[in-house]
Each structure stands twice: as structure tokens, then as C-alpha cells.
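Structure first, commentary second.
The values are calculated or read from the model by the stated rules, or taken from the named source; none is laboratory data. Treat the numbers as computed from the prediction; the structure is a model and nothing was measured. Here the Cβ positions follow ideal geometry from the backbone for every residue, glycine too, while neighbour counts run over all protein chains shown. For the accessible areas, the whole protein counts, side chains as well, though only heavy atoms, and no ligand, DNA or RNA atoms are used. Shrake-Rupley method; radii C 1.70, N 1.55, O 1.52, S 1.80 Å.
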Amino acid sequence: MTDTAFARRVKRRVSARIQEFFAVCPPGLRQACARELAGLDARIHDIQVVPGGVVFYARIMDACLANLWLGSPSRILMRLARFRATQFSTLEKKLSDIDWHLFLPAGTVPAIQVTTRTSRLYHSDAIADRCRPIVRAALNTGPRKETDSDQNIPSQTIMIRAENDRFDISLDMSGPPLFKRGIKTQVTPAPLRENLAFAILNAAGFTDQDVLMDPMCGSGTFAIEGAMIQARMPPGFHRRFAFEPWPGVSPAAFAHSRTQAAQQFSKVQSIFAFDVDPKAMRILSANLAGHEFLAPVQASQLDFFDLLPNRFTSRKGVVALNPPYGRRLENPGDTTAFYREITRKLAADFKGWRVGLIYPGKQFSHLNFLNLKPFPFFHGGLNLAAGIGTI
Ligand SMILES: C[S@@+](CC[C@H](N)C(=O)[O-])C[C@H]1O[C@@H](n2cnc3c(N)ncnc32)[C@H](O)[C@@H]1O
């Protein structure tokens, strides 16, 4: 096939078609993700909140924009096929029917991830073993391993999900999870995931016009997410995506989207980050130093209980707090006393500020002395909740 004929086929079968996508979301963030999709400056259709995430339909370049601009999902998958199979011969036939070479570049090393539930074909490794040679043959992949460390070899995750004998075959568009923004190089213990910080800031009503204080900042997740929101910078601006080498994706069009975004950036101002721990401040400084747009973030070592916000700003804004609790406190039994102190401090010195305060989820109602509205989520194997409201 000539290059032009191939390009025409890719256009007809892949890029000009409306495809199905699935934004994988952490529990608690599906509605936020659906709202983000609805507000995206792209042609997105039929947004549906479903278990585990949000389904939407779009052309591939619009789904690339969703990867670039969405702050809340963990990754975005593109559906390639859906079929029923109860025997390996059917599975192999259906997998062979997929035009892999129109979706993925030649030589791609497929990394197959399988999950199965209540299906006749239940053995994940056996399913992956049947899929791998089919994809490798379709893409003329040489004898290379998924773990090959050669950066020139594109590796691509293919997700196979079987439930009640129904198979969904998808490509991971994102690569590393979307909460990896490509900004933080170091973290303090118990860092918050960026998509959770993003969603909490949004729930607290933080906009690009607002002041933000992150008084227990650790490695600075709230401060950095807030700075990106203020800069009107796409959450994915500083990272790469798995879809970039796909034949159906135009590198020029995607580069143009990045350039267009960069032309709209505003200057970061009034973002404040504090931590009592000098080690956290060193880590935060290293994270901030890597990116010029973060230079205006004001960071100082300070105990939250000594923080008087009006010494730093005359405006009221959002205070986002991720305190240590349980075993991360010197005396693990002190969680209640610590939250009581935080409450007193907020009530005394942050009157009129909007708050996003993270709680150990099970203790939310017991510790919610400020009568905040719960925003439940799941993080690091734990049920947590952010309390959202105005002090
Ligand atoms: C759970 S960590 C925050 C993690 C942060 N959100 C991140 O993503 O990296 C809690 C932080 O609160 C800080 N901290 C604890 N007590 C504090 C206090 N009284 N004043 C300021 N910071 C405090 C700790 O040093 C620690 O860095």
C-alpha cells in the first residue's frame, strides 16, 4: 500500500470516524470528569457516567484534547472492538479482525492487560498469550519484549476486559496515568494525587481569579494544581501521551493545540504554600524550580498555627489543607485533637475563606466540626473525604 493510500485508509477508518472513549476515574470523580468533558472546547458527544468512569464519543483529535485538558480522570481509553467470545478460536478471530496497523505504528510492542469476570475464558495470561502474537504480527513487531528499555521502541498498553463473555478491547491513549503531570520530580510522604487535588480545588470553587493557600503543602500538589488553574494551563501540558505516535493522530494538529493553549497562559499570582517541615520545603522548592511559570508561587517554612493570611494577602480565597492524621501524627491517637485545633485556627483567622479540608473518610462526621459538605473519594487504598464549604 502506498503512503497516500495508507493515510487515506487511516483517515476513513480511524480519524474521521466518531469513536468510543472511556475516561477512567477514581471513585468520587466521575461527575467532575463528566462536567469537564461537557465544558471542553471540543466536539464531545453522548457523555455517560458509568461504573468506573465516563464514556464519551468523539473523533480521535478531540479525545487527544481531552487527554491534554482534563484534570480529573486517571487515563483515557479508546475502544477498538466489543464482541462475545466463549472459545479461544472466536477470540483469536475477533482480535485478528481488528485493523491494528491503522491504529498503532509499525513495530509497536504491545503490553497486554487483561481483566476477566464471570466469563468462560477466565485465564488472563492465556488471553494475553493469544492476543500478543496477533498484534505483533499485524504490526510487524520484531522479537522484542514488553520490558525492553530502548526508548525508541514504542510500547503500547492494550486493555482486554471480559465480563459475562463480552469482550472490550481498548487502547490506552494516555500512557503514564494522567495525574502524572510531568511537573513534580520529588514527593514527601503521603503525597496527594494531582487529579484529586484538582477536583477538590474545583469543588471548593477555586478559579483562576482566586487566592490559594496550601498551608500543609508537603511536595506542593495543591499549590501546583492551583498555579496551573491560574495560568490556564492544560493539566497535561508538561507531559507526553501514548497516542502521540499513532497513525490516526496528527502531530502538527496536536502541537498546534499546545501552542494555542500556551498563547492564552496568564501569569500565576497569589498562590501560597507553607509547611512546618524544612525537608518538605526543600522538596517543594525543587519542584517549583523546574518550571518558570511556578516562580511566582510564594513558599515559606511556617507552622499553620502561626499563619495569619492577611500578612500575605488582603484578599480572601481558598485554603486547601491535607493534614497528617493517624500514624502520621507523633501520637496516632491525636487525630481528633489535631482536627479540633485546625478547626479553631480556621475559624479564628480564615473567616470568609472557602475551604477544602481532607479528612480520614470514616471519621468525617466525627471530625467535621466546621459543618462542611463531604466530598468523598478514595486514595492510596483509603476512604477519604474532603470537607468543602465557607468558613
Ligand atoms: C499529608 S502531607 C501533605 C502532602 C501534600 N498534599 C502533597 O501532595 O505532597 C501533610 C503535611 O503537613 C505538614 N504539617 C504537619 N503539621 C503541620 C503544621 N502544624 N503546619 C504546617 N505544616 C504541617 C507535614 O510536614 C506534611 O508535609
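Please specify each residue of the stretch 275-329 satisfying the condition of being within 24 Å of ARG181 (Cα to Cα), surrounded by fewer than 19 Cβ atoms within 10 Å (Cβ to Cβ) and within 14 Å of the ligand (Cβ to nearest atom).
LYS279, ARG282, SER285, ALA286, SER300, PRO323, PRO324
Which residues, taken from the stretch 63-80, are under 14 Å from GLN19 (Cβ atoms) and open to solvent by 20 Å² or more (accessible area, probe 1.4 Å)?
Once the filter is applied, which keeps residues that are under 14 Å from GLN19 (Cβ atoms) and open to solvent by 20 Å² or more (accessible area, probe 1.4 Å), the stretch 63-80 yields LEU65, ARG79, LEU80.
Taking the stretch 350-373 only, how many residues are loosely packed, with under 15 Cβ neighbours inside 10 Å and touching a helix residue (DSSP H, G or I) at 6+ places or on another chain (Cβ under 8 Å)?
1
Going through ALA386, ALA347 one at a time, which residue ends up being under 23 Å from GLY317 (Cα atoms) and either touching a helix residue (DSSP H, G or I) at 6+ places or on another chain (Cβ under 8 Å) or part of a loop (DSSP other than H, G, I, E, B) (or both)?
ALA386
Which condition number does GLU244 fail, the rest of (1) assigned to a loop (DSSP other than H, G, I, E, B); (2) open to solvent by 20 Å² or more (accessible area, probe 1.4 Å); (3) under 22 Å from GLN230 (Cα atoms) being met?
(3)
Being within 21 Å of ARG193 (Cβ to Cβ), touching a residue at least 60 places away in the same chain (Cβ under 8 Å) and more than 15 Å from the ligand (Cβ to nearest atom) is the filter here; which residues of the stretch 349-375 pass it?
PHE375
Restricting the stretch 226-243 to residues that are in contact with a strand residue (DSSP E or B) (Cβ under 9 Å, 6 or more places away or on another chain) and farther than 15 Å from ALA66 by Cα, which is farthest from the ligand (Cβ to nearest atom)?
GLN230
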